[in-house]
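Following: one structure in structure tokens, then a few remarks.
The values are calculated or read from the model by the stated rules, or taken from the named source; none is laboratory data. Please read these numbers as outputs of a predicted model, since none were measured by experiment. Glycine also receives a Cβ, built like all others from the backbone with ideal geometry; neighbour counts cover every protein chain displayed. Only protein heavy atoms, including side chains, enter the accessible area calculation; ligands, DNA and RNA are left aside. Shrake-Rupley method; radii C 1.70, N 1.55, O 1.52, S 1.80 Å.
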Amino acid sequence: MEAVFQQKVREVTKCIEKQLDDEIQKLDNLDINDFEKLREARLKKLKLLQQQKQNWLALGHGEYVEVYDEKEFFEVSKKSENIVCLFYKDDSPRCKIVDHHLKILAKNHLEARFCRLNVERCPFLTERLKIKIIPTISLIVNNKTKDYIVGFTELGNCDDFSTETLEKRIALSGVIKYEENYSSESTKKPWLSQVVKPKTIRGSNTANSDDSDIE
């Protein structure tokens with residue numbers, strides 16, 4: 001068995017070495033024209049990315065904003081492919097915690113539109129999307145709700161979760177891309193000293209006891 005294992009290791013090693021040799025040979029065979037083509041392709045890609053960035057900024061990406069009514073929400077949904085929307089109430093301390101994180105994420109993820117919507121001003125949309133617990137973050141792709149983050153249950157069941165924790169959870173839905181290069185700003189929690197513990201909700205099995213019913 002040991003001999004068979006060693007033979008398999010040698011075969012795998014030879015296969016990897018051959019792949020590396022092939023790649024090195026390709027690079028060795030490149031001439032100046034090939035390098036120019038690679039450079040031009042890279043520049044073209046960068047220009048397209050820059051144009052996409054400008055398009056996103058023109059649509060309001062990069063900022064965390066208030067959507068005031070259902071009509072405006074539908075307009076936003078038509079223009080932006082990826083949307084992260086917090087459904088909130090003014091008297092919910094936990095919504096203020098989410099606000100802090102989404103403001104940071106909006107600046108770092110231009111690929112999505114970050115916004116918030118007061119459930120008391122949009123009863124039709126709130127019912128249509130079956131929003132029952134506050135805070136709820138709706139994650140929308142191509143005008144369809146793909147996922148929800150309800151309360152803080154998936155964020156460690158605590159108020160002092162990091163921005164990166166929320167970022168990773170949102171990224172699971174495909175609305176944003178996650179890269180592990182986060183700044184120290186994501187770990188600051190200055191709001192906690194100002195937050196008053198919210199009231200216990202009335203019967204919910206989908207969120208922890210500090211989240212609020214919508215009514």
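Working from label points 7 Å from Cα in the Cα-to-Cβ sense, the residue 16 to residue 147 distance is 3.2 nm.
For residue 157 and residue 99, what is the calculated FRET efficiency with R₀ set at 22 Å and r taken between the beta-carbons, to the nearest 0.05? So, using R0 = 22 Å, E works out to roughly 0.70. Spin-label pair residue 179-residue 53: with each label point 7 Å from Cα along the Cα-Cβ axis, the two points sit 1.0 nm from one another.
The mean accessible area for residues of segment 27-144, using a 1.4 Å probe and ignoring ligands and nucleic acids, is 59 Å² per residue.
The modelled label-to-label distance between residue 25 and residue 89, using points 7 Å beyond Cα along the C-beta direction, is 7.0 nm.
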